[in-house]
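The values are calculated or read from the model by the stated rules, or taken from the named source; none is laboratory data. Given the structure is predicted, the values throughout are model-derived calculations rather than measurements. Virtual Cβ from ideal backbone geometry, glycine too; neighbours counted across all protein chains shown. All accessible areas refer to the heavy atoms of the entire protein, side chains included, with ligands and DNA or RNA removed. Shrake-Rupley method; radii C 1.70, N 1.55, O 1.52, S 1.80 Å.
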Amino acid sequence: AEIDNCSKDHEFHEFLKTLEQQISWDGVRFVKYQGFWCALYLFRQILSAQKHFKAKDSHIILASLPKSGTTWLKSLTFSIVNRNIYPNHEESPLFTCHTPHLFPNLEFDLYWEQENPNLQNIQNFSTHVPFHSLPKSIIESECRIIYISRNPLDMFISYRHFSLENKFVKDATPFELDEAFDMFCRGIHIMGPFWDHVLGFWNAHLENPRKVLFLKYEDLKEDVTFNVKKIAEFLGCPFSPEEEEQGVVEEITKLCSFENLKKLEVNKNGHVYGIVKKSSYFRKGEVGDWINYLTPAMAERMDKLIETKFKDSGLVF
Ligand code: A3P
């Protein structure tokens, strides 16, 4: 189902009535749109972006499911592509700008207030929308997409903390962990099901690796230097031997490390979107934290789910 003009209230509400809806464990209302669970508060913006966003060949799009390591990827990519503008790291906008803001998000930031904003001066974008629902111009232009994925158990735990800390729905009584996990495993979570989201970008990467770079949070954790070089190559700005000798790659990885970003004043205090603590984008930054919250039976359920959903994909978690 499509809607032609999402600015028209009546049509919008009529369209909404045709869609399946669910309330998430944290009280957020979802609508099922083009096969994914879209938070209702993002729906208009997603429709607007689909309708109006014009990607240019020079644009960089960072895509992910929420809590997959987007902020880290934003800081790294920003530092890689702007390394000649801010050779002195102390002058990096990372010190003055809340990190997520370096790559404004289509549905959360840019299309929030206006249906068709002027994005002329923006080069870097991010989105949580699944591949098949991206604005067409992103697919059709030569712009590059970098996707970051993460172990679903860690992503689930990270999102649970994020949502509970920021209370997206003020009066909601959140479901217990086991019920929330059950919903997650049934694909009912923001932008879910996660398997469709991940596989959408994975298959796009297999089809056209020059267009879509596919990264994993865990791989970045294991060897961030290698991945920084990979991102630079993908974006057509590889590090020269001189730069490598001078330690430019290491400087970027240090600047963007969890410890560093978390302690920056600009990431510590205040809120975004009125209710979301800036600090909540930097919680623990570890691999495998799920073990402190989920039971072995839950992990086993996830293993089986992953096996079923990803078995022919060539993708391993
Ligand atoms: P945890 O909640 O497990 O700590 P996103 O940026 O997509 O919202 O993902 C947030 C997750 O990435 C959080 O995970 C957060 O702590 C972690 N994170 C943020 N910055 C990071 C960094 N520089 N290095 C590693 N992890 C980071």
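Summary table
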item: The chain: equivalent-ellipsoid semi-axes (sqrt of 5 x gyration tensor eigenvalues, Cα, Å); result: 30, 24, 20
item: Inter-part distance where the stretch 97-144 and the stretch 292-306 are each reduced to a Cα centre, Å; result: 34
item: Residue-normalised accessible area of the chain, given per residue in Å² at a 1.4 Å probe; result: 48
item: Most fluctuating residue given options Ser68, Ser79, Ser141, as computed from a GNM of the chain linking Cα atoms under 10 Å; result: Ser141
item: Helix-derived mean residue ellipticity, 222 nm - over the chain, DSSP H n ≥ 4, -39500 (n - 2.57), to 500; result: -12000 deg cm²/dmol
item: Residue order for Val81, Val316, Val248, Val228 - accessible surface, 1.4 angstrom probe, largest first; result: Val316, Val81, Val248, Val228
item: Apportionment of accessible area to carbon and sulfur, the stretch 1-156, percent (1.4 Å); result: 48
item: Within a Gaussian network of the chain (alpha carbon springs, distance under 10 Å), most fluctuating of Asn227, Asn88, Asn203; result: Asn88
item: Solvent exposure, largest accessible area first (probe 1.4 Å, DNA, RNA and ligands not counted), of Phe108, Phe95, Phe226; result: Phe226, Phe95, Phe108
item: Listed residues Arg210, Arg160 arranged by accessible area, highest first, probe 1.4 Å; result: Arg210, Arg160
item: 19 Å Cα-Cα reach of Lys54 towards lysines, excluding residues that sit fewer than 8 places from it in its own chain; result: Lys136, Lys211
item: In Å², nearest 10: area of Lys278 left accessible to a 1.4 Å probe; result: 50
item: Lys32 accessible area, 1.4 Å probe, all protein chains in place, Å² to nearest 10; result: 70
item: Cross-link pairs Lys74/Lys216; Lys170/Lys262; Lys229/Lys278 - those with Cα-Cα distance over 23 Å; result: Lys170/Lys262; Lys229/Lys278
item: Surrounding net charge for Phe162, when Lys and Arg each add one and Asp and Glu each subtract one, Cβ distance under 14 Å; result: +4
item: Backbone HN-Hα couplings from phi across the stretch 115-132 [Karplus 6.51/-1.76/1.60, Hz, Gly and Pro as x]; result: 6, 9, x, 7, 10, 3, 8, 9, 10, 10, 10, 9, 7, 10, 6, x, 3, 6
item: Extent along principal axes [Cα atoms of the stretch 82-176; Å; largest to smallest]; result: 48, 37, 30
item: Exposed-site-free run, longest, the chain (rule: GluC sites (Glu not before Pro); DSSP loop; at most 15 other C-beta within 10 Å); result: 177-285
item: Accessible surface of Arg186 - all protein chains present, 1.4 Å probe, nearest 10 Å²; result: 130
item: Computed over the stretch 1-121: relative contact order in percent, which uses C-alpha pairs under 8 Å that are six or more apart; result: 23
item: Rounded to 5, the percent of DSSP beta bridges in the chain classed as antiparallel; result: 40
item: Surface share of carbon and sulfur [accessible, 1.4 angstrom probe, percent] for the stretch 167-317; result: 52
item: Radius of gyration, Dmax [the stretch 172-294; alpha carbons; angstrom]; result: 18.4, 56
